[in-house]
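The values are calculated or read from the model by the stated rules, or taken from the named source; none is laboratory data. A quick note: this is a predicted structure, and the numbers were derived from the prediction, not measured. Here the Cβ positions follow ideal geometry from the backbone for every residue, glycine too, while neighbour counts run over all protein chains shown. Only protein heavy atoms, including side chains, enter the accessible area calculation; ligands, DNA and RNA are left aside. Shrake-Rupley method; radii C 1.70, N 1.55, O 1.52, S 1.80 Å.
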Amino acid sequence: MPEQEWVTQVTADESGEWSAQVVSDVPSGMHTITVLGEDGTRSDSLLYVDRETTEGEGRLLSGGLFVSRTDAVVPPAFALSMFVFLTVIVLLAINGVRLGRKTDKAERRTRETARHHHGRNAMVVCVIGVAASFFVGVLVNQSVGVFDRFFPAPVARTVRLSLSGAVIDPITSRPVAGVDVAAGDTAVRTDDAGRFAFSDVDAEQGMRLTHPALARALRVRFPKSIVEADRSRVSAFPVYVPFDAAMYNALIYAVDADARAGRGIWSPGDLGDQELDLVEVTADAAKATVDAIVGNDGNSATYRLRKEGDGWNVVP
């Protein structure tokens, strides 16, 4: 019977799971499932279909096929290791028969000694064969990533966030209009009340703030209590973002000065038009100061800014 192919296209969800229906005209017997990812990755599995099962009970899930009572997805690497193991067992059985005949032909006075000698050799060969089969199976399965399929590495939880709030002055708490705030694929410009709102965005990515008076874009991170929440969906209302273009420009100039001098967590390579990563911003209106924690490649540095007149200065 000539080989046939059945092709379908599916989309994985956020957790990497996908599903597809087995077409009705797939005949009984062993088949190969080939999964091709958009990035060029390929994964093969063997599928046994039994047409005696009730129609409609078969369904394909990521990581396994469930077809009523057959439940038979056999990764090729495991099939190869089982083949190697059974081959070794058959060879050992043949060798045992040969040794037994050789022992029967030996003289009676040396039969016991010969049996002991050949039995010991057979045991050594058996142990070596089983060990070799085991290690070959492990190496083959490891090389094709079968262990990764059945024992996957923990996947970091992605927290989807819905939030609303306002951009405000850090000292007066008055709303700031005209700030472009972006999260995920959505961007809004704050109105006269400084308001913004987003739905179902990746909390890990934070928000990106831009303004015509800013020297560089800002990346505002959400608190760890949101990013590391034990739920997949979180709502936060209201969220207030301190913003003063003159304050952040003073911070940007201070960071650039440290980068030129190679001080702290910075190096000259950090100069440029990249975003300024704001891990946390805390304002003290009574003292007219703001503490900003700035991140860089997994490290962080704290800067204190004080408002003096209409301007801002970085203070120790």
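Report the relative contact order of region 235-315, percent, no decimals, based on alpha-carbon pairs under 8 angstrom and at least 6 residues apart. Provide the component values of the computation, followed by the final result.
Values: 109 pairs, mean separation 19.7, N = 81.
That works out to 24 percent.
Calculate the FRET efficiency for Arg263 and Gln9 from the Cβ-Cβ distance with a Förster distance of 45 Å, rounded to the nearest 0.05. All intermediate terms of the calculation are to be shown ahead of the outcome.
On the way: r = 53 Å, r/R0 = 1.18.
Here the calculated transfer efficiency is 0.25.
How large a share of the accessible area of region 169-277, in percent, is made up of carbon and sulfur atoms when the probe is 1.4 Å and the other protein chains stay in place? Walk me through the numbers on the way to the answer.
Values: 2760 of 5820 Å².
About 47 percent, which is the carbon plus sulfur part of the accessible surface.
Show me the trypsin sites (Lys or Arg not before Pro) within region 191-233 that DSSP assigns to loop and that have at most 12 other Cβ atoms within 10 Å of their Cβ. Could you put the intermediate results ahead of the total?
Values: sites: Arg195, Arg208, Arg216, Arg219, Arg221, Lys224, Arg231, Arg233; in loops: Arg216, Arg221, Arg231.
Taking region 191-233 and a limit of 12 other Cβ atoms within 10 Å, the loop trypsin sites (Lys or Arg not before Pro) found are Arg231.
So if each residue of separation counts as 0.36 nm, and I subtract the Cα-Cα distance between Ser300 and Ala132, what length gain in nm does that give?
On the way: separation 168, 0.36 × 168 = 60.48 nm, distance 5.12 nm.
Length gained between Ser300 and Ala132: 55.4 nm.
Report the extension gain between Leu92 and Ile293 in nm, rounded to one decimal, defined as 0.36 nm multiplied by the number of residues separating them, less their alpha carbon distance. Before the final figure, lay out each step's value.
Values: separation 201, 0.36 × 201 = 72.36 nm, distance 6.86 nm.
Extra length available between Leu92 and Ile293 comes to 65.5 nm.
Distance from a point 7 Å along Cα→Cβ of Ala177 to each backbone N in region 190-217: keep the residues under 20 Å and list them by number.
190-197, 210-214
Can you compute the modelled spin-label distance between Tyr240 and Arg189, with each label point 7 Å from Cα toward Cβ, in nm?
2.6
Quick one: if you stick a label point 7 Å off each Cα along the C-beta vector at Ala285 and Ala215, how many nm between them?
Going from the Ala285 label point to the Ala215 one covers 2.8 nm.
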